[in-house]
Amino acid sequence: MKFTLSWLRDHLDTKASITEIASTLTGIGLEVERVTDRAAELAPFTVAYVLSVNPHPNADRLRLCKVDAGNGDMLEVVCGAPNVRSGMKAVLARVGAVIPASGEALKKSKIRGVESAGMLCSAEELLTGEDEDGIIELPDDAPVGSSFAPVLGLDEPLFDVAVTPNRGDCLGVRGIARELAAAGLGTLRPRKIESAAAEFVCPISVKFDFPAGTPPPPCEMFAGRAIRGVKNVQSPRWLQNRLKAIGMRPISALVDITNYLAIDLGRPLHVFDAAKLKGDLTVRLAQPGERLQALNGREYVLEAGMTVIADDTGVLTLGGIVGGAPSGCTDQTTEIFLECALFDPVRTAETGRTLGIESEA
């Protein structure tokens with residue numbers, strides 16, 4: 001379970017130090033495995049402006065990039081990322097910077113016969129998330145020559161807490177804050193919850209279809225709401241920064257907000273593109289041999305007893321684990337069905353292990 005100090009303080013009114021927070025968490029059975037000072041770790045990596053991108057004379061997939069590193073310092077860097085282009089702002093590692101992913105200092109070297117004075121970095125190389133089709137692309141207003149970490153909200157302490165299987169209530173920042181408040185380390189901030197009145201009858205119904213006497217119930221509760229008139233744009237920067245800070249890759253507003261709430265409140269959600277659903281939804285057990293083309297790009301062959309959500313065409317998602325690509329949201333999505341369900345945790349864990357799926361959900 002990872003969270004930043006500012007994220008915790010969204011829920012907990014406290015002036016406690018980082019050391020006090022870590023010590024209290026460990027003392028109440030939530031072992032803090034690591035507190036990372038990312039500001040220091042990422043200080044050597046700075047904002048650079050890519051002035052030009054030209055072909056490498058000895059390699060088709062490499063490019064020679066002239067970059068402005070700030071204070072009039074111009075460097076030539078060899079880069080093979082598919083998204084590098086002139087006019088973008090990227091993260092520059094100068095010679096001597098220690099790359100977090102490898103733990104090794106960057107050396108000045110020749111790449112296919114051309115000297116490179118640094119490296120333009122990916123999220124994977126800096127251990128700040130997964131690769132996003134190449135190098136990190138920074139906002140246009142990022143100040144050239146400065147540390148890139150504050151631009152993406154990566155300059156504050158990051159807590160990594162080991163949560164035991166019986167403490168699912170602490171798999172969210174809200175739950176962590178509640179425990180610290182109970183331990184006397186601050187006051188839990190009240191949540192303001194506003195009711196949203198339905199403007200139309202939900203066109204999608206949901207039913208359970210489990211064999212009689214299936215113990216325990218594979219799904220005890222399922223809540224859903226249809227929402228129309230949405231626009232699936234890029235998430236605001238603060239939301240992207242929150243996800244990147246804990247190593248999650250921003251995708252789109254509709255996906256990002258569900259991922260955010262899963263970490264913030266410990267409540268995994270799933271959003272379907274309502275226009276892609278055929279008929280109503282059924283929560284049931286999979287039939288042997290059924291297949292799911294998942295959002296992670298892999299296809300899974302399901303076994304009997306795995307909890308799924310299906311429509312008239314077949315399986316759409318693995319309950320509590322991963323969604324399916326055919327009903328996933330895109331930038332063309334305008335109507336969604338939002339699912340919030342309570343699946344049997346033991347069955348969910350067994351399914352994840354059997355299929356080799358590890359997801360935030």
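Can you give the calculated 222 nm mean residue ellipticity of the chain, where each DSSP H run of n ≥ 4 adds -39,500 (n - 2.57) and the sum is split over every residue, rounded to the nearest 500 deg cm²/dmol?
The helix-only estimate for the chain comes to -5000 deg cm²/dmol at 222 nm.
Output the 0 to 90 degree angle, nearest 10, between the alpha-carbon long axis of helix 173-182 and the longest principal axis computed from the alpha carbons of the chain.
Helix 173-182 and the main axis of the chain meet at about 80 degrees.
Grab the beta carbon distance between residue 299 and residue 74, set R0 = 56 Å, and tell me the FRET efficiency rounded to 0.05.
For R0 = 56 Å, the calculated efficiency reads 0.70.
Relative to the present Cα-Cα distance, how much length would full extension add between residue 220 and residue 130 at 0.36 nm per residue of separation?
Taking residue 220 through residue 130 to full extension adds about 29.0 nm, to one decimal.
Given the peptides 188-197, 210-219, arrange them by the average over their residues of other C-beta atoms within 10 Å, most packed first.
In descending order of packing, they fall as 210-219, 188-197.
Please report, as a whole percent, how much of the solvent-accessible surface of the chain comes from carbon and sulfur atoms (probe radius 1.4 Å).
After summing per-atom areas, the C and S share lands at 49 percent.
How high is the FRET efficiency from residue 287 to residue 257, r the C-beta distance, R0 41 Å, rounded to 0.05?
0.80
So how tilted is helix 253-265 from the main axis of the chain? Cα-based, degrees 0 to 90, rounded to 10.
With rounding to tens, the tilt is 80 degrees.
Show me the ranking of peptides 13-23, 148-158 by mean Cβ neighbours inside 10 Å, starting with the highest.
Highest mean packing first, the order is 148-158, 13-23.
Which order do 329, 202 take when ranked by solvent-accessible area (1.4 Å probe, heavy atoms of all protein chains), largest first?
Accessible-area ranking of 329, 202, largest first: 202, 329.
Please give the length that would be gained between residue 102 and residue 39 if that part of the chain were fully extended, namely 0.36 nm times their separation in residues minus their C-alpha to C-alpha distance (nm, one decimal).
Answer, rounded to one decimal: 20.8 nm.
With the other protein chains left in place, how much accessible area per residue, in square angstrom, belongs to the stretch 39-143 at a 1.4 angstrom probe?
Solvent-accessible surface per residue comes out at 51 Å².
About its Cα centre, how strong a charge dipole does the chain have in debye, to the nearest 20, once Lys and Arg get +1 and Asp and Glu get -1 at the Cβ?
The dipole magnitude comes to about 320 debye.
Answer with one residue from 165, 259, 216: the one whose Cα lies farthest towards the positive end of the charge dipole of the chain, charges on Cβ with Lys, Arg +1 and Asp, Glu -1.
259
Hey, what did the stretch 265-361 get for relative contact order, percent, Cα under 8 Å, at least 6 apart?
33
Suppose the Debye formula is applied to equal point scatterers at every Cα of the chain; what is log10 I(q)/I(0) at q = 0.12, 0.13 Å⁻¹?
So the normalised log intensities are -1.03, -1.14.
Using Cα centres only, tell me the gap between the stretch 181-201 and the stretch 51-103 in whole Å.
Here the two parts' Cα centres lie 46 Å apart.
Using only the C-alpha atoms of the stretch 195-305, find the volume of their convex hull and express it per residue in Å³.
Spelled out: Cα convex hull of the stretch 195-305, divided by residues, is 167 Å³.
Do you know the Lys pair count in the chain for C-alpha distances under 22 Å, with sequence separation 8 or more or different chains?
Value for the chain: 12.
The values are calculated or read from the model by the stated rules, or taken from the named source; none is laboratory data. Note that the structure is a prediction, hence the values are computed from the model and not measured. Neighbour counts are summed over all protein chains in view; Cβ atoms, including those assigned to glycine, are modelled from backbone coordinates with ideal geometry. Ligands, DNA and RNA are stripped out before the accessible areas are found, and what is left, the full protein with its side chains, is counted by its heavy atoms. Shrake-Rupley method; radii C 1.70, N 1.55, O 1.52, S 1.80 Å.
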